[in-house]
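Notes for the one structure printed next.
The values are calculated or read from the model by the stated rules, or taken from the named source; none is laboratory data. Note that the structure is predicted; figures quoted are calculated from it, not measured. A quick note on method: Cβ atoms are made from the backbone with ideal geometry, for glycine too, and the neighbour counts reach across all protein chains shown. Note: accessible area is taken over every heavy atom of the protein model, side chains too, but ligands, DNA and RNA are not part of it. Shrake-Rupley method; radii C 1.70, N 1.55, O 1.52, S 1.80 Å.
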Amino acid sequence: MQYRHTMIRMARLGALSGLLALAVGPAMADGGSLAAGQALASQRQCLGCHQVDARRVGPPFRAIAQRFQGQPQAAQYLAQAMRRGSSGQWGAIPMPAQTRLSDADALRLAQWILSLSDAGQP
């Protein structure tokens, strides 16, 4: 039952990701969405533990982007990791679940993070 629920949720996130990619994708090509992504990260308190290029409590966003670069389901995976939390992938300090982060905002943040793999300075 848990597996089925997870698969349904991943399918929903995939559909949402496709819609957001259509809406956000062209804007990511210009510098505007890089600033918007960082603003969203600031509003959602992500910058308390992460920075774009330097390690803080958690890994730098650019390192996350480079690790997941080219993986087709990376945005959905990262969005889910934000909402549910994760541990053991970047060291001993776990990332707590961000339950107040909406699915849409988590996906927008994940797409912004992934855009940093080949972007210049935001």
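For the stretch 50-63, enumerate the residues that are part of a loop (DSSP other than H, G, I, E, B) and open to solvent by less than 60 Å² (accessible area, probe 1.4 Å).
Within the stretch 50-63, the first condition is being part of a loop (DSSP other than H, G, I, E, B), and the residues that meet it are 50-60.
Matches in the stretch 50-63: 50, 52, 54, 58, 59, 60.
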Return only the number of the condition from (1) free of Cβ contacts under 8 Å to residues at least 60 places away in the same chain; (2) of a type outside the set (A, V, I, L, M, F, W, C); (3) under 15 Å from residue 38 (Cα atoms) that residue 71 does not satisfy. (3)
Within the stretch 32-52, the residues that are over 20 Å from residue 98 (Cα atoms) and free of Cβ contacts under 8 Å to residues at least 60 places away in the same chain are 32
Does the stretch 64-90 hold any residues that are assigned to a loop (DSSP other than H, G, I, E, B) and either on the phi > 0 side of the Ramachandran plot or open to solvent by less than 40 Å² (accessible area, probe 1.4 Å) (or both), and which are they? 70, 85, 88
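Residue check: is residue 19 surrounded by 15 or more Cβ atoms within 10 Å (Cβ to Cβ), of a type outside the set (Asp, Glu) and modelled with pLDDT under 95? Write out each step before concluding.
Numbers: surrounded by 15 or more Cβ atoms within 10 Å (Cβ to Cβ): no; of a type outside the set (Asp, Glu): yes; modelled with pLDDT under 95: yes.
No.
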Contacts under 6 angstrom Cβ, first residue in the stretch 91-119 being crowded, with 23+ Cβ neighbours inside 10 Å, partner of a type in the set (D, E, K, R) and in a helix (DSSP H, G or I), 6 or more apart: 106/83; 116/62
Check residue 83 against each of (1) under 16 Å from residue 118 (Cα atoms); (2) modelled with pLDDT of 95 or more and name the one condition it does not meet. (1)
Of the residues in the stretch 96-122, those that are in contact with a Lys or Arg (Cβ under 9 Å, 6 or more places away or on another chain) and either assigned to a helix (DSSP H, G or I) or more than 17 Å from residue 37 (Cβ to Cβ) (or both) number 8
